[in-house]
2 protein chains.
Amino acid sequence: MKRRVPRMNDQESQAWLGLTAMFSLLPSALDRQLQRDSGLTHFEFVVLSTLQLSPEPTLRMTAIAQATDATLPRLSHVCGRLEKRGLVVRSPCAEDRRATNVGLTSDGRRELIRAVPGHIATARRLVIDALTPDQLDALTEITGAIIARLADEPGNPPQAYRAEGSLTQP
Amino acid sequence: MKRRVPRMNDQESQAWLGLTAMFSLLPSALDRQLQRDSGLTHFEFVVLSTLQLSPEPTLRMTAIAQATDATLPRLSHVCGRLEKRGLVVRSPCAEDRRATNVGLTSDGRRELIRAVPGHIATARRLVIDALTPDQLDALTEITGAIIARLADEPGNPPQAYRAEGSLTQP
DNA sequence: ACCGATTACTTGTCGCGTCAACCAACGCGT
DNA sequence: ACGCGTTGGTTGACGCGACAAGTAATCGGT
């Protein structure tokens, strides 16, 4: 049953090496900047962005969870904290009384808008501006290919709505 | 003092979107596989690999921390657990009695060797085999460029020894 | 030789995420 | 209309990592 897996060659292990190195550094760098300048976790930022970019004024927990690749408990905890901080409101849904609708408060919108420029600047500084246009295209294709593989994995929701991409200053 | 940061265009935000999506999925996928098949965290795996690949039979905490981009407290905790599980030994260093040397036990080496094939297989399945040779090269360059930016950041150690790259089945 | 500063690590506390258990509401079949 | 499986969400306990503080040894100057 156990298939033999070929060792990696130089080309492969270099790419893998780079990927893992980036993994161990970039997320914490992004988190640090947001935390320092805006008191937000990257994930909190993503949740607020998702709400802000949604056409509807309010979203269901499940919808946010799908859009952000988060588990429901995680989202629930985070929304609890955000609500305590007054950035978000939860209200029971009228049509389906199991569901809860989450919406941005004006404070939440304000905080988000305050946080966006710094976050974009960091994204530029660490990633976008480090790459040539060709590399940007290549990166899009590469991540697309990898995400496609991940979608077939057990344990992951296949398709996500994906908000943060259109990072705009509203 | 506050500089205006241009919004992202389509090309840029697509790349950024892909990157963040990958970030939210790939690490957990890798962790899950290792945890399920070998009872190891990805980071524990990296620590064991670092020890295994080192020319010396033993490494100082600081050296491992640098090689793995980990903080010293984190590494200390992890080594504590690994030691309790018998995969690693800590012994005070003779020349510098502040330092502690960490070494693989034979159990640790055995567990690591058992874990490697599955990990490589997953790396192949989710990343390497999803990409063309050209994309592999592109990925190496891209991660290199980003890591270079990260090296200039405050809070990160610039250069790391980087073990996992040469994933081999010893 | 001794005192302050630095290095090398450890320990404790706290926050976040996961997992498991739980509860409430919906909805379908009979 | 009743029961049972499913869906939507919350809660609690545990594990891991970050941060801060503490300890112990070494170095460097005088």
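Entry for the range B:18-83 at q = 0.20 Å⁻¹: log10 I(q)/I(0) = -0.87, Debye formula applied to identical alpha-carbon scatterers, no solvent contribution. For chain B, the longest principal axis of the Cα atoms and the long axis of helix B:72-84 meet at an angle of about 50 degrees. Comparing B:Ala130, B:Ala21, B:Ala115 in a Gaussian network model of chain B where C-alpha atoms under 10 Å apart are linked, the largest mean-square fluctuation is found at B:Ala21. Distance between the pseudo-spin-label points of B:Cys93 and A:Lys84 (7 Å out from Cα toward the beta carbon): 4.2 nm. Taking amide H positions as modeled 1.01 Å from N, with prolines and chain starts lacking one, the residues under 5 Å from B:Arg60 and 5 or more places away or on another chain are B:Val102. Given the C-alpha centroids of the range B:81-104 and the range A:83-136, what is the distance between them in whole angstrom? The range B:81-104 and the range A:83-136 have Cα centres spaced 44 Å from each other. Between copies, the label points at A:Pro92 (set 7 angstrom from Cα along Cα-to-Cβ) are spaced 6.4 nm, reported in nanometres from shortest to longest.
Taking θ as phi - 60° and the Karplus parameters 6.51, -1.76 and 1.60, the scalar couplings of the range A:106-111 work out to 5, 4, x, 4, 4, 4 Hz in sequence order, x denoting glycine and proline.
For A:Arg32, the distances from its label point to the matching points in the remaining copies are 3.0 nm, ordered from shortest, with each point set 7 Å beyond Cα toward Cβ. Positive end of the dipole of the range B:1-56 (Cβ unit charges, origin at the Cα centre): among B:Ser38, B:Leu53, B:Ala21, the Cα lying farthest that way belongs to B:Ala21. With its label point defined 7 Å out from Cα along the Cα-to-Cβ axis, B:Pro6 lies at 4.3 nm from the matching points of the other copies, in increasing order.
Counting only other chain Cβ atoms within 10 Å of each residue's Cβ, the peptide A:111-120 averages 2.
Peptides B:104-111, A:41-48 ranked from most to least packed give A:41-48, B:104-111, packing being the mean of other C-beta atoms within 10 angstrom over each peptide's residues.
Every number in this text was worked out from the coordinates using simple rules, so none of it is lab data. Keep in mind the model is a prediction, meaning the values are calculated, not measured. Here Cβ is always computed from backbone atoms with ideal geometry, including for glycine, and neighbour counts include all displayed protein chains.
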